[in-house]
Amino acid sequence: MSDLTHGYQGQGTGNTVVLDAILARSAITWKAPARTLPQELFTKNFMPYAKAHWAYDASTCNCEDLARAFSATWNYVTHKRSSWGPKEVLPKASVEKCFGRTYSVGMITNAIGVFSGPAHGNLRNPTTGALDGRCLFPVHYLCKIETRYFDPTFDRQTWSRDDCVERKVIKLNLKLWLSEDGAFLYERNELPAPGFADSWNEHSAADWISHADWKDLTARSGHWRSPDLNKVDSTLEAYEKSKTPERLAALKAAFGKWYIRKQGEVTHRNKASCITRLALNLGLAKTLLKQR
């Protein structure tokens with residue numbers, strides 16, 4: 001974790017150079033009611049300084065660093081204001097970890113954009129590679145003062161902690177996250193998005209892989225197809241011709257049997273994530289992909 005304050009220890013102690021610079025701009029109304037002081041500090045002093053001096057980067061200036069920097073700034077303000085008198089009790093700030101409490105539940109954000117810098121989300125269209133401003137965050141941090149949340153990463157203050165969330169996701173393994181409703185799968189892409197260590201391809205369960213694409217992508221020169229894989233081929237072809245519940249059930253059964261019994265073949269033939277995508281199409285991602 002980076003210390004954006006460069007050594008502030010709380011209650012006016014430690015290095016206050018950064019905090020003094022944040023407060024140097026005479027935007028904050030020091031004698032304003034205590035209930036409006038956090039909002040003024042965030043809007044008029046903290047975020048303008050952040051945009052001028054920092055840029056979001058997952059490794060050096062991430063959501064936790066920013067939330068802790070605002071918490072430290074509020075601590076400094078309360079120390080300075082209480083020293084002037086009359087004595088008053090100002091609310092304390094807390095840094096809250098939202099999602100990721102067990103490192104198995106994360107979130108997909110709305111396309112609201114980070115506060116500054118080149119970061120423009122880390123979700124990619126798997127076909128075009130384009131980023132649309134949304135982020136997959138296994139963990140997200142906010143600063144809370146009384147009942148209000150302050151989120152420097154997205155330059156927002158809100159009463160609702162989760163109003164930046166498009167959907168929640170569960171972790172299947174190191175490379176895969178699945179939306180709670182099973183409608184979307186997020187697969188790690190080693191090509192980093194600007195400001196992030198990596199990125200994530202978004203696959204929709206509604207985008208069915210065709211039988212022709214399946215046969216083409218799972219083909220390997222000189223490698224025979226096992227009887228179990230041939231069964232998947234035939235049931236997928238049958239379901240594509242007539243999408244009945246019975247044929248869907250047969251396809252699920254054939255795919256699940258092959259996936260579990262033929263792990264070597266699965267790994268070898270998963271070109272362009274075709275097998276991963278069919279598991280998503282069939283609603284089997286949570287039961288099958290989590291095992292890998």
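General remarks:
- Criterion: of a type in the set (Gly, Ala, Ser), within 17 Å of the chain's Cα centre (by Cα), modelled with pLDDT of 90 or more and at positive phi - qualifying residue of GLY133, GLY100: GLY133
- Of all residues in the stretch 137-152, exactly one satisfies the criterion of being in a loop (DSSP other than H, G, I, E, B) and either of a type in the set (D, E, K, R) or outside the structural domain of GLU190 (by TED's automatic domain parsing) (or both), namely GLU146.
- Residues of the stretch 43-60 satisfying the condition of being under 15 Å from VAL18 (Cα atoms) and of a type outside the set (Gly, Ala, Ser): ASN45, PHE46, MET47, PRO48, TYR49, LYS51, HIS53, TRP54
- Qualifying residue in the stretch 145-153 (condition: at pLDDT below 90 and under 22 Å from TYR49 (Cβ atoms)): no
- Residue check, ARG134 surrounded by 14 or more Cβ atoms within 10 Å (Cβ to Cβ) and in a loop (DSSP other than H, G, I, E, B): yes
- For LEU185, the test of being touching a strand residue (DSSP E or B) at 6+ places or on another chain (Cβ under 9 Å), among the hydrophobic types (A, V, I, L, M, F, W, C) and within 22 Å of CYS274 (Cα to Cα) is passed.
- Some residue of the stretch 229-238 being surrounded by fewer than 16 Cβ atoms within 10 Å (Cβ to Cβ) and either out of contact with any Asp or Glu (no Cβ under 6 Å at 6 or more places or on another chain) or closer than 19 Å to HIS203 by Cβ (or both): yes
- Restricting the stretch 222-272 to residues that are of a type in the set (Gly, Ala, Ser), modelled with pLDDT under 95 and part of a helix (DSSP H, G or I), the residue that is farthest from GLY182 (Cα to Cα) is GLY264.
- Leading residue by the ranking (farthest from THR78 (Cα to Cα)) among those in the stretch 1-22 that are in contact with a helix residue (DSSP H, G or I) (Cβ under 6 Å, 6 or more places away or on another chain) and surrounded by 14 or more Cβ atoms within 10 Å (Cβ to Cβ): SER2
- Members of the stretch 221-247 that are touching a residue at least 24 places away in the same chain (Cβ under 8 Å) and of a type in the set (Asp, Glu): ASP228, GLU237, GLU240
- Leading residue by the ranking (nearest to ALA238 (Cα to Cα)) among those in the stretch 249-272 that are of a type outside the set (A, V, I, L, M, F, W, C) and in contact with a Leu (Cβ under 9 Å, 6 or more places away or on another chain): LYS252
- The stretch 137-164, residues that are surrounded by fewer than 17 Cβ atoms within 10 Å (Cβ to Cβ), in contact with a Cys (Cβ under 9 Å, 6 or more places away or on another chain) and not hydroxyl-bearing (Ser, Thr, Tyr): VAL139, ARG156, ARG161, ASP162
The values are calculated or read from the model by the stated rules, or taken from the named source; none is laboratory data. Nothing here was measured: the structure is a model prediction, and the numbers come from that model. Virtual Cβ from ideal backbone geometry, glycine too; neighbours counted across all protein chains shown.
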